[in-house]
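The values are calculated or read from the model by the stated rules, or taken from the named source; none is laboratory data. Quick caveat: nothing in here was measured; it's all calculated off a predicted structure. Cβ placement follows ideal geometry from the backbone for every residue including glycine, while neighbour counts extend to all protein chains displayed.
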Amino acid sequence: MFGKKIENKRQGQIDSLIGAGTQVAGNLRFTGGLRIDGEVKGNIEAADGASSSTLVLSEQGRVEGAVTVSHLILNGTIVGAVTVTDSLEMQSKARIVGDVDYALIEMHQGAVIEGRLVHRGKSVELKLAASN
């Protein structure tokens, strides 16, 4: 009970910031929370085992490269493939140019995806009630 509250609080915490006007060229690997207000030209991924990783891309933020995270809150632009293992929230100015693999998605009016959407839910095993 108490551990769950701490875990949820941790999920929303921002540990690193790439500020507005900052340009990064190269791949980024992070744990915890990362907020991008600037521009990244390279792939972004959560470190192995970072099941609570959160990427926040603000309205002025832009990424040109593949993104692989647990949670993504997007109001900027991503040009590249996006893989979100838990939840994707696309706010009104969000734009993705590329394919999106997701488990849960929330899209606000005005958000745009130019690519394929592929749902990656938990696999469900069907058992038929047929005789052997």
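Okay, here's what the table says:
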item: Residue check, Gly65 at positive phi and in contact with a strand residue (DSSP E or B) (Cβ under 8 Å, 6 or more places away or on another chain); result: yes
item: Of residues in region 14-36 being within 15 Å of the chain's Cα centre (by Cα) and surrounded by 15 or more Cβ atoms within 10 Å (Cβ to Cβ), the one farthest from Asp48 (Cα to Cα); result: Ile36
item: Region 88-132, residues that are modelled with pLDDT under 95 and either among the polar types (S, T, N, Q) or on the phi > 0 side of the Ramachandran plot (or both); result: Ser123, Ser131, Asn132
item: Single residue of Gln109, Gln60 found to be part of a loop (DSSP other than H, G, I, E, B) and free of Cβ contacts under 8 Å to residues at least 40 places away in the same chain; result: Gln109
item: Breaking point among (1) part of a loop (DSSP other than H, G, I, E, B); (2) buried (at least 21 other Cβ atoms within 10 Å of the Cβ), for Val40; result: (1)
